[in-house]
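The structure that follows is given in the form of structure tokens.
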Amino acid sequence: MLAEEVNRENLSKMVRTFYQMIMDDKTVNPYFIMALGKDLENEAWQEHYKILEDFWLMLMTGEKVYTREAFTPHTEMAELYAETFERWLELFDEVVHMYYTPKLAQKFYKRAEVLSRKFMQWLEITE
Ligand code: HEM
């Protein structure tokens, strides 16, 4: 059943599924393999899941559980392109619709799209 509210339990599932999809995709997986490794169960990935749960919990519910700088790591990885962001967003759109009602999924997607555009601006990526 599609979730009508965002909580840590459903975020935890959504985030893990998202990264399985990411790792099956050759456009986006190199960045994640370089930063966190290939084994989705390793310590670095476990930490990343928790960080991303906090991040989305904050963006979707306003709960102040994420206190880090989301943009910073994206300045330190291999060069990102417009198509990297496009593909990331496509996969994200797919996964949020797998777990949440269309209305909530759209809210997730809007947040991601806005941030994606900001990241691209800050990285000076032109479409
Ligand atoms: C071009 C597409 C993207 C790629 C390839 C990408 C890749 C990555 C990687 C590899 C990390 C882990 C870095 C590390 O721990 O060393 C990361 C962290 C993160 N990404 Fe992305 N990312 C992308 C787009 C986005 C977008 C659009 C958002 C926001 C909606 C986002 C939010 C985050 C957050 C919150 C973190 C954790 C930052 C922290 O350490 O607190 N990413 N990303």
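The values are calculated or read from the model by the stated rules, or taken from the named source; none is laboratory data. Note that this is a predicted model, so its numbers are computed, not measured. Note: ideal-geometry Cβ built from the backbone for every residue, glycine included; neighbour counts use all protein chains shown. What goes into the accessible areas is simple: the full protein's heavy atoms, side chains included, and nothing from ligands, DNA or RNA. Shrake-Rupley method; radii C 1.70, N 1.55, O 1.52, S 1.80 Å.
Using a basic spin-label model with each label point 7 Å from the Cα along Cα→Cβ, how many nm lie between Thr101 and Thr67?
With each label point 7 Å from Cα toward Cβ, the separation is 3.3 nm.
Could you work out [θ]222 nm for the chain from helices alone, using -39500 (n - 2.57) per DSSP H run of at least four and dividing by all its residues? Round to the nearest 500 deg cm²/dmol.
The helix contribution divided over the chain gives -22000 deg cm²/dmol.
Still on this model: Name the residues whose placed amide hydrogens come within less than 5 Å of the amide hydrogen of Tyr100, ignoring near sequence neighbours (fewer than 5 apart) on the same chain.
It is Ala3, by chain and number.
Here's something else I'd like to know. Calculate what fraction, in whole %, of the accessible area of the chain sits on carbon and sulfur atoms when a 1.4 Å probe is rolled over the protein chains.
Values: 4100 of 7940 Å².
Carbon and sulfur atoms account for 52 percent of the accessible area of the chain.
Given labels modelled 7 Å from the Cα in the Cβ direction, how far is it in nm from Glu86 to Thr126?
The two pseudo-label positions are separated by 1.6 nm.
Mind giving me the nanometre distance, one decimal, between the label points for Gln20 and Met77, set 7 Å out from Cα along Cα→Cβ?
Modelled inter-label distance: 2.0 nm.
In whole Hz, what ³J(HN,Hα) sequence does region 59-70 give by Karplus (6.51, -1.76, 1.60; θ = phi - 60°), x for Gly and Pro?
Residue by residue, region 59-70 yields 5, 8, 10, x, 5, 7, 9, 10, 10, 9, 10, 5 Hz.
Just to be sure I follow the rule: in region 8-122, considering lysines 8 or more places apart or on different chains, how many pairs have Cα atoms under 25 Å apart?
Number of lysine pairs found: 24.
Quick one: net charge around Gln106, please, counting Lys, Arg +1 and Asp, Glu -1 for every other residue with C-beta under 11 Å from its C-beta.
Values: positive: Lys103, Lys107, Lys110, Arg111; negative: Asp93, Glu113.
Here the count lands on +2.
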